[in-house]
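Worksheet for the structure shown next.
The values are calculated or read from the model by the stated rules, or taken from the named source; none is laboratory data. Given the structure is predicted, the values throughout are model-derived calculations rather than measurements. Please note: Cβ atoms are built from the backbone with ideal geometry, for glycine as well, and neighbour counts cover all protein chains shown. Note: accessible area is taken over every heavy atom of the protein model, side chains too, but ligands, DNA and RNA are not part of it. Shrake-Rupley method; radii C 1.70, N 1.55, O 1.52, S 1.80 Å.
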Amino acid sequence: MNVLNNVALADYTTMHLGGTAAHLAEITNHNELLSALAWADQQQLPVIMIGGGSNIYWKDEGFQGLVLVNRIMKYEDFREDFAEDDTNHYITAGAGENWDSVVERTVKAGLTGIECLSLVPGTVGATPVQNVGAYGQEIAQTLVSVEAYDRQTKQFTTIPTVDCGFGYRTSRFKVGPDKGRFFIMAVTLHLTKGNPMPPFYQTLQNYLDERSKVDYTPQTIRDAVIAIRTSKLPDVNLVSNCGSFFANPVVESSVFDELQLQYPTIPKWPQEDGQIKVPAAWLVENAGFKDVHDAETGMATWPTQALVFVNEHARTTANLEKFKQKVQAAVKQKFGIVLVQEPEILP
Ligand code: EPU
């Protein structure tokens, strides 16, 4: 195991901010994980595991412990313990695999289930943590189980979907008493052979209709999602950002009705439980942060998606935090809604 010392954490988040890690190591298999943990134990160092760094950012203080970067690669087409037939297909992917490469591979194989999650940045292991979702699909819908190392029992374990505590952009791995307890090693997905079926997410359906596309295959849907995403969202490889910075807030219908009286154009997504989800991007934009380039902090909002914060020339995480507070305060003042951030601050 190759342990690096005094590592700039800014290189391990797509926001490119943060202090220094005392130690950092890449792990590529179970044995390397165990020896890294034993090494950290010996020196009584805390341990954090990360994937691609696209949904996290680091405090300026850095981390006086060991950061493990998950590089566990695997793509298995078949698991003996699941029955295969004409419609069902299972794959297991290593947590360190690039998520979009896995999507691409399933789509090329004509499999349906994760094509709408094309181009979501980051690694496979990160997808269950925030229950990644886009264009009407979320990982909870296809996930069968998560293979993880349980730091409490010091055993590798398989966690079925029902035990993952999934909700909108959340899971047992992200919030609650088990946060930090599991290191995700692999995920198993249940995909189907055959084509995706409408109805599709409105933005996606509009895109397809405008181009008179009626051949709905995993590939045509992937192509459409890629086209939409590229036109609206910045590429994390070129522009420093962490995707959506806030989750879309869900409010009581009475709260929404009050807002709608004042702001008749406010968009809404009614939820099954009667509550109303409001697009955070709309709130941010209408609180005065559309295409804002903040000289004081060096932060900006992406011109075509106000929910994406961009690090233009911020030098510290404190700058980002300040910008975040400006946006939160403006939205709170105008709409009375407290926006909750999506990316995780580490440590
Ligand atoms: N809108 C604005 N201004 C904008 C952008 C959007 O007012 O600048 C409003 C519009 O009313 C639009 C609505 O917001 O109809 C929704 O916008 P969009 O379809 O872009 O989706 P979103 O809710 O802002 C979510 C995810 C994205 C995901 C898209 C597409 C969250 C927090 N974000 O964004 O995920 O790609 O849907 O499904 O749920 C991410 O999490 O990093 C991410 C990019």
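Beyond 16 Å, the tail of the calculated P(r) for region 30-135 holds 66 percent of the Cα pairs. Note on region 217-347: Kirkwood hydrodynamic radius from all Cα pairs is 15.9 Å, rounded to one decimal. The portion of the accessible surface of region 265-347 made up by carbon and sulfur, rounded to a whole percent, is 52 (1.4 Å probe; DNA, RNA and ligands excluded).
Across region 158-175, computed HN-Hα scalar couplings (Karplus, 6.51 cos²θ - 1.76 cosθ + 1.60, θ = phi - 60°) run 10, 10, x, 3, 4, 9, 8, x, 6, x, 4, 6, 8, 6, 4, 7, 9, 10 Hz from first to last residue, x flagging Gly and Pro.
Can you give the Rg/Rh ratio of the chain, where Rg is from the C-alpha atoms and Rh is the Kirkwood radius? The Rg/Rh ratio comes out at 0.97. Helical runs (DSSP H, four residues minimum) scored at -39500 (n - 2.57) apiece and divided by the length of the chain put the mean residue ellipticity at 222 nm at -7000 deg cm²/dmol. If a spin label sat at a point 7 angstrom from the Cα of Leu45 along the line to its beta carbon, the backbone N atoms of region 52-77 nearer than 19 Å would be those of 58-72.
Compared with the direct C-alpha span, the chain from Asp77 to Thr153 gains 24.4 nm at full extension, assuming 0.36 nm per residue.
For the chain, the relative contact order comes to 16 percent (Cα pairs under 8 Å, sequence separation of at least 6). In this rough spin-label picture, where each label sits 7 Å from Cα along the Cβ direction, the Gln202-Asp163 distance is 3.9 nm.
For region 1-104, applying the loop criterion from DSSP together with a ceiling of 14 other beta carbons within 10 Å to the trypsin sites (Lys or Arg not before Pro) yields Arg79.
Determine the per residue accessible area of the chain with all protein chains present and a 1.4 angstrom probe, expressed in square angstrom. It would help to have the intermediate numbers written out before the result.
Details: 16120 Å² over 347 residues.
The answer is 46 Å² per residue.
Residues whose amide H falls under 5 Å from that of Val144, counting only those 5 or more places apart or on a different chain, are Thr188, Leu189, His190, with hydrogens built in the peptide plane. For region 290-336, GluC sites (Glu not before Pro) meeting the loop criterion (DSSP other than H, G, I, E, B) and having at most 10 other Cβ atoms within 10 Å: Glu296.
Between Thr304 and Arg211, what FRET efficiency comes out of the Förster formula 1/(1 + (r/R0)^6) with R0 = 25 Å and r the beta carbon distance, rounded to 0.05?
Details: r = 19 Å, r/R0 = 0.77.
About 0.80, to the nearest 0.05.
Close amide H partners of Thr20, meaning residues 5 or more places away or on another chain with modelled amide H under 5 Å apart, are Leu9, Gly62, Phe63.
Scanning residues 5 or more positions from Leu346 or on other chains, those with amide H under 5 Å from its amide H are Tyr57, Trp58, Lys59, with H placed 1.01 Å from N in the peptide plane. Among the GluC sites (Glu not before Pro) in region 215-286, those placed in a DSSP loop whose Cβ has at most 16 other Cβ atoms within 10 Å are Glu252, Glu272.
Each Cα pair under 8 Å and six or more residues apart adds its separation to the average, and for region 246-333 the resulting relative contact order is 21 percent.
Using the Cβ atoms and a cut-off under 13 Å, what net charge is assigned to the surroundings of Phe182, where Lys and Arg are +1 and Asp and Glu are -1? Neighbour charge sum, excluding Phe182 itself: +2. Each residue of region 62-76 was assigned a 3J(HN,Hα) from its phi angle through the Karplus expression (A = 6.51, B = -1.76, C = 1.60, θ = phi - 60°), giving x, 9, 8, x, 10, 9, 9, 9, 6, 10, 7, 9, 5, 8, 10 Hz with x at Gly and Pro.
Normalising the average separation of contacting C-alpha pairs (under 8 angstrom, six or more residues apart) by the number of residues puts the relative contact order of region 54-103 at 36 percent. Applying the Karplus relation 6.51 cos²θ - 1.76 cosθ + 1.60 with θ = phi - 60° to region 128-140 yields 3J(HN,Hα) values of x, 4, 9, 6, 3, x, 6, 6, x, 10, 9, 4, 4 Hz, where x marks Gly and Pro. Given their separation in residues at 0.36 nm each and the Cα-Cα distance between them, Val338 and Leu4 gain 116.3 nm when the chain is fully extended.
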